[in-house]
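Engineer: This is the structure I have questions about; it appears just below.
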């Protein structure tokens, strides 16, 4: 998986502060799957929630913003993006509780095994590089490393690229252009972006997250 997310709720700051307070309220969503998740959550916790399905997240947010529902539910990352793009008033609150597991990853065409292998091992490269301390800013220095894992991912020790039908410097080229997983996350979702999303489950396994890189060998 490339990104670990989960469905949550966003409300107006002066209104609902926790999920238990959603009972008797209405919630706008943009997909049928989100309806199922909320129905399961409400049944499990003995809540009565009216779910209003709209055609996509943007339409659900428009309905929420115009007072057609008391809250909006979507993946937490989508809620953070919506809040960042919303006018500063009224203030919006994303509730702390996440009610589903929504692991997200890339899609490839069925039957295209060579391309699937490249995508899979590129993700392993991005997280593995972060784990080894390899970034877009220290590639030249890391080329002289004696660490076999680093030497393989950067193509100093040959063989890894050939297994994927690529040149041995493919990993180095990827990292020079995009950086490692942490750099990509911070640039697009984290402190370097308007979203300021915490790494959370998307941190490496040794920092409390779920990303455990496949060994590049």
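Engineer: Do you know which residues across the stretch 86-104 are out of contact with any helix residue (DSSP H, G or I) (no Cβ under 8 Å at 6 or more places or on another chain) and in contact (Cβ under 8 Å) with a residue 40 or more places away in the chain?
Structural biologist: The first filter runs over the stretch 86-104 and keeps only residues out of contact with any helix residue (DSSP H, G or I) (no Cβ under 8 Å at 6 or more places or on another chain), leaving 87-91, 93, 96, 101-104.
Selection gives 90, 91, 93, 96, 101, 102, 103, 104.
Engineer: Could you check how many residues of the stretch 64-80 are surrounded by 19 or more Cβ atoms within 10 Å (Cβ to Cβ) and in a helix (DSSP H, G or I)?
Structural biologist: Within the stretch 64-80, residues that are surrounded by 19 or more Cβ atoms within 10 Å (Cβ to Cβ) and in a helix (DSSP H, G or I) number 6.
Engineer: Kindly indicate whether residue 109 is assigned to a loop (DSSP other than H, G, I, E, B) and either loosely packed, with under 15 Cβ neighbours inside 10 Å or without any contact (Cβ under 8 Å) to a residue 24 or more places away in the chain (or both).
Structural biologist: On the way: assigned to a loop (DSSP other than H, G, I, E, B): yes; either loosely packed, with under 15 Cβ neighbours inside 10 Å or without any contact (Cβ under 8 Å) to a residue 24 or more places away in the chain (or both): yes.
Yes; evaluated as a whole, the condition is true for this residue.
Engineer: Any residue at all in the stretch 20-39 that is crowded, with 20+ Cβ neighbours inside 10 Å, in a loop (DSSP other than H, G, I, E, B) and free of Cβ contacts under 8 Å to residues at least 60 places away in the same chain?
Structural biologist: Scanning the stretch 20-39 turns up at least one residue that is crowded, with 20+ Cβ neighbours inside 10 Å, in a loop (DSSP other than H, G, I, E, B) and free of Cβ contacts under 8 Å to residues at least 60 places away in the same chain.
Engineer: Follow-up question, since we're still on this one. Tell me, please, whether a residue that is free of Cβ contacts under 8 Å to residues at least 40 places away in the same chain, outside the structural domain of residue 189 (by TED's automatic domain parsing) and in a helix (DSSP H, G or I) can be found in the stretch 5-19.
Structural biologist: The initial filter retains those residues of the stretch 5-19 that are free of Cβ contacts under 8 Å to residues at least 40 places away in the same chain, namely none.
Within the stretch 5-19, not a single residue is free of Cβ contacts under 8 Å to residues at least 40 places away in the same chain, outside the structural domain of residue 189 (by TED's automatic domain parsing) and in a helix (DSSP H, G or I).
Engineer: For the stretch 153-217, which fully contained helices (runs of 4 or more DSSP H) count at least 2 residues that are under 18 Å from the mean Cα position of the chain (by Cα) and more than 23 Å from residue 100 (Cβ to Cβ)? Give the derivation first.
Structural biologist: On the way: elements: 160-163, 170-178, 181-188.
Hits in the stretch 153-217: 181-188.
Yes/no matrix, rows are residues, columns are (1) buried (at least 19 other Cβ atoms within 10 Å of the Cβ); (2) at pLDDT 95 or above; (3) under 23 Å from the mean Cα position of the chain (by Cα); (4) over 30 Å from residue 119 (Cβ atoms):
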position	(1), (2), (3), (4)
15	no, no, no, yes
42	yes, yes, no, yes
49	yes, yes, no, yes
83	no, no, yes, yes
86	no, no, yes, yes
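Engineer: Here's something else I'd like to know. So which of 74, 86, 65, 32 ends up being farther than 30 Å from residue 208 by Cβ and in contact with a strand residue (DSSP E or B) (Cβ under 7 Å, 6 or more places away or on another chain)? Before the answer, list the steps.
Structural biologist: Values: 74 fails: farther than 30 Å from residue 208 by Cβ; 86 fails: farther than 30 Å from residue 208 by Cβ; 65 fails: in contact with a strand residue (DSSP E or B) (Cβ under 7 Å, 6 or more places away or on another chain).
When all the criteria are applied, what remains is 32.
Engineer: Follow-up. Of these, 217, 176, 187, which one is over 28 Å from residue 112 (Cα atoms) and surrounded by fewer than 18 Cβ atoms within 10 Å (Cβ to Cβ)? If you could, list the steps in order and put the result at the bottom.
Structural biologist: Values: 217 fails: over 28 Å from residue 112 (Cα atoms); 176 fails: over 28 Å from residue 112 (Cα atoms).
Among 217, 176, 187, only 187 is over 28 Å from residue 112 (Cα atoms) and surrounded by fewer than 18 Cβ atoms within 10 Å (Cβ to Cβ).
Engineer: Same structure, new question: Can residue 136 be described as without any contact (Cβ under 8 Å) to a residue 24 or more places away in the chain and in contact with a helix residue (DSSP H, G or I) (Cβ under 8 Å, 6 or more places away or on another chain)?
Structural biologist: On the way: without any contact (Cβ under 8 Å) to a residue 24 or more places away in the chain: no; in contact with a helix residue (DSSP H, G or I) (Cβ under 8 Å, 6 or more places away or on another chain): yes.
In short, no.
The values are calculated or read from the model by the stated rules, or taken from the named source; none is laboratory data. All of these numbers come straight from a predicted model, not from anything done at the bench. When we count neighbours, we look across all protein chains shown, and the Cβ atoms used for this are built from the backbone with ideal geometry, even at glycine.
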